[in-house]
Amino acid sequence: MGNNVEGFSLGDAVFGYLGSTFGANAQYLCINSKKWVAHKPDNISFEQAAAIPYGALTAMSLMQKLPLQAGQHLLVNGASGSIGSAVVQLAKYQGAEVTAACSERHKEYLNRLGADHWLDYRQAKENWPNKAYDAIFDVLGKCSFEQANTSLKPGGTLFCASFKGRHLWRSLAGNKGQAWRVKCALASYSQANLTEVARLITEGVLTPEVSKSFPLEAIAEAHRCKEGGLGSGAVVVLPGQ
């Protein structure tokens with residue numbers, strides 16, 4: 001630990017995030033103590049702590065840009081991934097009614113996280129509920145304008161965490177003359193939000209889930225497991241074991 005580090009002591013249990021950088025899997029790393037590192041909550045393991053920062057920080061940043069009001073109905077399209085599952089939990093914490101759109105094999109997982117309803121993401125657009133949602137949080141940018149037009153209430157928002165040119169153009173054009181709007185946003189990361197994530201974990205609002213763990217020596221198998229779409233939750237690498 002460097003001489004100018006404040007707020008941390010040798011031996012503290014910490015967790016954090018390196019941001020959208022290319023790197024490698026390693027046992028040790030150096031991280032700026034004023035960036036995205038915080039004290040690990042006592043009520044989760046190191047495995048769980050490793051699993052949550054990316055999804056929770058991304059979801060929290062984007063939810064701050066939506067924003068969502070208590071009592072509103074949110075559809076999370078792509079709810080079973082690390083970002084979508086965090087959005088479900090944060091939206092419930094904010095008092096929203098939440099529908100999780102994902103495959104049937106993830107239905108039980110999303111129910112455990114507090115989703116009020118489940119929707120098969122493969123359903124044809126004509127089977128999506130009519131004028132049911134105040135906002136659609138589209139994690140992967142796969143919700144069509146036709147689906148949004150069917151399902152959003154007047155004044156509703158199609159919020160795109162991933163977006164293509166047509167989404168960005170509609171958003172920048174101001175959505176003039178449209179009954180609902182498109183909003184595109186990029187996530188930003190802060191130590192304050194990571195500290196808030198730690199608080200919400202401690203209070204039981206956010207629950208990290210690990211589907212499988214691998215030692216560093218089995219890193220290739222870990223990548224194959226994740227790329228194969230194993231269940232719900234994160235795949236975690238355990239260095240030094």
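Residue pairs, Cβ under 9 Å, 6 or more apart or interchain, first in the stretch 36-49 and of a type in the set (D, E), second assigned to a loop (DSSP other than H, G, I, E, B). List them.
As it stands, the answer is D42/A13; E47/P208, since those pairs meet every condition given.
Quick check, is Y28 part of a helix (DSSP H, G or I), hydroxyl-bearing (S, T, Y) and either outside the structural domain of A148 (by TED's automatic domain parsing) or under 15 Å from the mean Cα position of the chain (by Cα) (or both)?
So Y28 does not fit the description; no.
Please go through the stretch 81-98 and pick out each residue that is over 14 Å from T58 (Cα atoms) and either crowded, with 24+ Cβ neighbours inside 10 Å or not hydroxyl-bearing (S, T, Y) (or both).
Listed by number, the residues that qualify are K92, Q94, G95, A96, E97, V98.
Look at the stretch 113-155 and say how many of its residues are modelled with pLDDT under 95, buried (at least 22 other Cβ atoms within 10 Å of the Cβ) and of a type in the set (G, A, S).
2
Suppose the filter is assigned by TED's automatic domain parsing to the domain that holds Y28 and either modelled with pLDDT of 95 or more or out of contact with any strand residue (DSSP E or B) (no Cβ under 7 Å at 6 or more places or on another chain) (or both); does E227 pass it?
no
When the stretch 43-99 is examined, which residues are found to be of a type in the set (V, I, T) and touching a Lys or Arg at 6+ places or on another chain (Cβ under 9 Å)?
Passing the criteria: only V98.
Please work out if G71 is assigned to a loop (DSSP other than H, G, I, E, B), out of contact with any Asp or Glu (no Cβ under 8 Å at 6 or more places or on another chain) and more than 19 Å from G141 (Cα to Cα).
The answer is no for G71.
Whether any residue in the stretch 27-42 is hydroxyl-bearing (S, T, Y) and closer than 16 Å to L238 by Cα is what I want to check.
Yes: the stretch 27-42 contains one or more residues that are hydroxyl-bearing (S, T, Y) and closer than 16 Å to L238 by Cα.
Can S80 be described as closer than 17 Å to Y121 by Cβ and either modelled with pLDDT of 95 or more or over 8 Å from the mean Cα position of the chain (by Cα) (or both)?
Yes, satisfied.
Quick test of your reading of the structure: F15 fulfils all but one of (1) under 24 Å from A192 (Cβ atoms); (2) surrounded by 19 or more Cβ atoms within 10 Å (Cβ to Cβ); (3) under 15 Å from the mean Cα position of the chain (by Cα). Name the failing condition by number.
Result: F15 passes all but (3).
Of all residues in the stretch 189-241, how many are touching a Phe, Trp or Tyr at 6+ places or on another chain (Cβ under 9 Å) and at positive phi?
2
The values are calculated or read from the model by the stated rules, or taken from the named source; none is laboratory data. Every value quoted in this text rests on a predicted model; they were computed, and no experiment measured them. In this analysis, Cβ positions are derived from the backbone assuming ideal geometry, glycine residues included, and neighbour counts consider all displayed protein chains.
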